[in-house]
Structures are given as C-alpha cells and as structure tokens.
Amino acid sequence: MQEEIHEQMKVRLDKIPQIKDAGYHAYADRFERTHRLHEAARLDDGVKGVRVAGRIVGLRYFGKLAFGHLADVEGKLQFAVQKNKVGSQFNDLKSLVDIGDFIGVEGEIITTKTGEKTIDIDKFEFLSKSVRTLPEKFHGITDPELRLRKRYLDLIMSEESRERFKKRVKIIKTIRDFLDSNDFMEIDTPVLTNKASGALARPFITHHNMLDIDVYLRIAPETYLKRAIAGGFDKVYEFARSFRNEGLDASHLPDFTLLEYYCAYWNYIDNMNFTEKLFRHLILNVNGGLELVYGDTKISFDGEWPRISFRDLILRDCGIDINMFETREELLEEINRKGIRFEAEIDVSKAGRGTLIDLLYKKVSRPQLINPVFITHHPLDLSPLARKNDENSLVVDRFQLVVNGWEVVNAYSELVDPLDQASRFRQQAEARAHGDQETMDIDNEFLECMEYGMPPISGWGMGIDRMIALMTDSSTLRDVVLFPLMRPLS
RNA sequence: GGGCUAGUAACUCAGUGGUAGAGUAUCGCCCUUUUAAGGCGAGAGUCGAAGGUUCGAAUCCUUCCUAGCUCACCA
C-alpha cells in the first residue's frame, strides 16, 4: 500500500476488524468446493448442497433480496441471497461484503424468472477482502497502459481478454500434444549461457558473481538442442523463453517464447511437410477452420502452400537475380541502380552480402506475403548453422514460413559438418570485423560437439507469441503476453 | 530516435481564460427476481510534474515524465 489511502479504500480497510468481530475470517485459509463456477452453471435445478467460490464481480440489492455474480477466468455464476433464508448473514453481506471480495457459498441450483442459472444460497463464508475498488463495471479498463500494467484487472473486467489468454493456453497445449504424439521429447536447455548463439541478434548481458564472468541470456535454444541430438535424443523440442536486446514494439518483445524442435534423419523437405500437418492440426483444433481473420485480412491455410526460393522471390518482386552478384559491392551497386533505398539505422555500406539480400527481401517481398508461403534456399551467409545445398553451394537447405508478412517459422537442414561449420564461423567473424553487427559468435564448444558427430538433422523454430497474435487477431504481441515488460513507474 | 495524439475523482469521461462536473463505484435511506437494477440524499480532486504569461490557468506558453499510434531496425 504505497500510495495514500483514499476514501473508498479506507471504508474497506475499516471493514476488516468488523468482519472478524462478526465471526468471519477476512482472509480464510481454504474453502471446500463441490463444483467450479462454470460446472455449477450446468447443473440441473434442485441440486442441493452445491458449494462454489469466486470473486464477486457484481452485487445488486432489493431490500431483503440480493443478486450477485461470482466469476473466475473460466466462467461465472449468479447467486441469490434471500434474507428469510440466510437470516442474520444478510446484514453481514450488506455491511461487510463488497464487489471484488472473494466468498464461498453453499446453496441450491435454481433458474430465475429471467432464465439464468443461479445458486440460491443457504450460507456464505468470507474468503478474502478486497480493499481496492474494481474498475467501472461497464467500460472496464480502456487505458491500454493500465491494461498491461494491471493485467489482473484486465482479466477480471474483460471477457475478450480472458478468451485471448485461454486461447493462448489452448494453442500451446495443442502444439505440445501434437509434438508428443509424434514422439518428440520435451527437454530444457540453459537460459544463461556463455555464448549468445543460435540466431543473429543482440543479447542481454548479465553477470555471474561467483564465477565472475559475464553470461548471456539465450537468444535461441538451437545449439543446445542440437547437442541433445548428438547425445542420442532423436526428436526433441523446447518452448524456450528467449531474450533479445533489440526493439520493443507491436511485433517485438524483449523476452518471447521460441518453440524449437529438432528431428534426426529428417531434411528440410520432410520438415516442410510436417510443418503443414502441424499447422493444419493446430488451426483446425483451435479455430475450427483453416481460415484466420486478422484485422481486415483473411488468411487461408488450406491446400498446399507455395514453396518458392529466395532467389526466385526477389527476382519476381524487383527484377534482381541475386545469383548474378557474388560480392556485396556488385549487389549494392545493382540495388542502387534499381533505385531501391533502405532507410536503415545500420550502415548499409558496412553490411555483408547476406545482410543486403535480407534487407532487399524484407523491403520488396515479405510485406506482400499474406497466405502461408514457404521461402526456401536462403543465402549461405545469412544462415551460418544451416546445411549447404548440394546443387548450389551459395544457398542453404532452409525454409521460412511467412504468413501475413511475418516470419512465423524458420527451419533448415542442420549443418552437421564440423569443417564447414568452422569455416562458417570464421566468415561470421570476418563480417563482424568489417562492421556487420548482425553476425554470430564463434561457439567452440558447440563445434567440438559437432566434431564428435551428429546425425542428419532438420530443426525448426517458431515465434509462439506471433502465431498466437495471428490466431487471436491481436494487433500487438503485448496483448498475447500476460505481463509484458514495462518501464517502471517512478 | 522522428512525427501525431493523450494524461481531470478508485474507474469511464465532459469541461478551451472567470467558484472543479456527470455516470459507475463509495456512504445513508426505500425496495424479494435483478443482471449497466431503480428512486431520494451525501461525501470524494496535487486537473501527469515543474516553471512562466495573466488580476485570474485544468484551459495559453516552455521544459520534463508516462503511454498509445505511426515511421525506420530487430523474430
């Protein structure tokens, strides 16, 4: 109770000793329920001895009768309190109980004149006193900042918000069940690491006092999951909370959930086929159809999804054949000649060839991709952990699933050749030496693991939060995360 | 970081230079079928913060804080 106590709070605080004087506990230790609220709401009339508990979210008095609602995230149930049934407890309710309090009630299931399932109570128990008033009942919280900072209030007040987060639970459970039923094993890999590897991104750095070393919060679980494959697990996955010290906006969070799985003996084509199955299963089970509506956009996951190479896509969208330009200088010259400008924060003149191609793709192609499309065969220098294509050594056996202009999935045939991996790391180091920020650290421990031998592997990663935003028609990722990071109020 | 917008009672919002307002909520009274219940009455405010202009500032000016949207970069 940091701030000053205003009138309404004082009124409620003053009730706590009165609650005790009346023989209740203001903060009881337990309540034996026979049903949860949404279960009780499905019982037949006449069932007696029903005991339910919840937060009071509405309360209306009519002289010697009162109606109210108990609610939780799963549902709500109306309760009726009649003075001639509960006796002296009626006045206790009136003088001690407020909207926002938790109570437990026991009574009989009835249906009111207006047709609503109701528990007509014989008695109630006080469970927990709320000393602050809930937001206004009709509008709830509309200030987007308050909704994020005080998500619990948003959940109490907004059915839409409750449904969104329940859907998140269902999405994650559906994916987990699907992977489990396909013989994947869920494992955990470290969050604190010595190297920020597995992706191209700026990490959070923290410090371990006892070891006196700086450690990184992982940017991806990739290299550890592959170590598990080397150790003999042959299908693994992890819902990996990952951390990137970069922008923070509607489509980027500093900590987000990255689902990755790895399967030994698959290549990227097996993986694309599996991806289609996974998504069909997910969307059909959670949304009941294969079409999603996101804002004004309709997205169809039906049918076979197009598979197009990075080169063909860029050629189609801006007429540049990236295979014709083998150095970054030649490519940059061509990009400038076509009049394509990147208003990039990073210095384009320092970017490597791969980074340039990536910028080009994000500028001319990606925004146009609405329905799911597999983009394949990315430039080698953008994919230091992916296997080289057997026909064209400038590209890798990689795919991204792009939906609504978002990279939802990134996957490839994993590089398991330790000599090639060592040379890729060296290339990354060179690019960094030339000023390219978007590079990967050399990870010698990972390399050594690979030297002991890894089977063929295909790995896969998906930003869960983005997928959930797509499936819940949420315009910002912060709407699908319960408690997003906010600058503290000082 | 740039541009635009916003911050007034616990909550939702009016109020554009002249005594700080409404609804919800709270407190008191009436009411046994309501569900944004209703009726009568009352209390509740550092108008985001600091400075300035003015006889007088929620209102005009400056700076700052916070947030949302948006643009550029990152999943």
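Data overview
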| read-out | value |
| --- | --- |
| Residue within segment A:326-339 that is assigned by TED's automatic domain parsing to the domain that holds A:LYS362, surrounded by fewer than 17 Cβ atoms within 10 Å (Cβ to Cβ) and of a type in the set (Val, Ile, Thr) present | yes |
| Filter result (assigned to a helix (DSSP H, G or I) and among the aliphatic types (A, V, I, L, M)) within segment A:252-279 | A:ILE269, A:MET272, A:LEU278 |
| Every pair of residues 6+ apart whose Cβ atoms lie under 7 Å, when the first sits in segment A:129-145 and is more than 26 Å from A:ALA250 (Cα to Cα) while the second is aliphatic (A, V, I, L, M) and open to solvent by 60 Å² or more (accessible area, probe 1.4 Å) | A:LEU134/A:ILE99 |
| Residue check, A:ASP21 at pLDDT below 95, of a type in the set (Asp, Glu) and more than 17 Å from A:ILE156 (Cβ to Cβ) | yes |
| Qualifying residue in segment A:377-393 (condition: closer than 29 Å to A:THR257 by Cβ, modelled with pLDDT under 80, part of a helix (DSSP H, G or I) and acidic (Asp, Glu)) | yes |
| Total residues in segment A:364-381, condition touching a residue at least 40 places away in the same chain (Cβ under 8 Å), over 17 Å from A:ASN392 (Cβ atoms) and open to solvent by 10 Å² or more (accessible area, probe 1.4 Å) | 6 |
| Given (1) open to solvent by 50 Å² or more (accessible area, probe 1.4 Å); (2) within 18 Å of A:THR476 (Cα to Cα); (3) in contact with a Pro (Cβ under 9 Å, 6 or more places away or on another chain), index of the condition A:PHE204 fails | (2) |
| A:ARG55 being at pLDDT 95 or above, within 20 Å of A:LYS15 (Cα to Cα) and touching a strand residue (DSSP E or B) at 6+ places or on another chain (Cβ under 6 Å) | yes |
| Answer residue from segment A:394-403, given it is over 24 Å from A:ARG466 (Cα atoms) and not in a loop (DSSP other than H, G, I, E, B) and is farthest from the chain's Cα centre (by Cα) among those | A:VAL395 |
| Segment A:280-302: number of residues that are polar (S, T, N, Q) and assigned to a strand (DSSP E or B) | 2 |
| Test: residue in segment A:428-445 that is farther than 30 Å from A:ASP249 by Cα and in contact with a Pro (Cβ under 6 Å, 6 or more places away or on another chain) | no |
| Every residue from segment A:215-230 that is among the aliphatic types (A, V, I, L, M) and not in a loop (DSSP other than H, G, I, E, B) | A:VAL215, A:LEU217, A:LEU225, A:ALA228, A:ILE229, A:ALA230 |
| Failed item, numbered, when A:ASP436 is tested on (1) closer than 15 Å to A:TRP406 by Cα; (2) more than 11 Å from RNA strand B (Cβ to nearest atom) | (1) |
| Residue within segment A:68-75 that is open to solvent by less than 50 Å² (accessible area, probe 1.4 Å) and touching a Ser or Thr at 6+ places or on another chain (Cβ under 9 Å) present | no |
| Residue ranges of strands (runs of 3 or more DSSP E) in segment A:4-94 with at least 2 members within 12 Å of RNA strand B (Cβ to nearest atom), among the polar types (S, T, N, Q) and over 18 Å from A:THR133 (Cα atoms) | A:75-82 |
| Answer from A:ARG12, A:ARG30 - the residue that is over 22 Å from A:LEU155 (Cβ atoms) and basic (Lys, Arg) | A:ARG30 |
| Check on A:GLY231, of a type in the set (Gly, Ala, Ser) and farther than 16 Å from A:ASP188 by Cβ | no |
| Answer from A:GLY435, A:GLY354 - the residue that is assigned to a loop (DSSP other than H, G, I, E, B) and open to solvent by less than 50 Å² (accessible area, probe 1.4 Å) | A:GLY435 |
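The values are calculated or read from the model by the stated rules, or taken from the named source; none is laboratory data. No experiment lies behind these values; they were computed from the predicted model shown. Reconstructed Cβ throughout: ideal geometry from the backbone, glycine too, with neighbour counts over all protein chains shown. When the accessible area is computed, the model is the full protein with side chains, heavy atoms only, and any ligands, DNA or RNA have been set aside. Shrake-Rupley method; radii C 1.70, N 1.55, O 1.52, S 1.80 Å.
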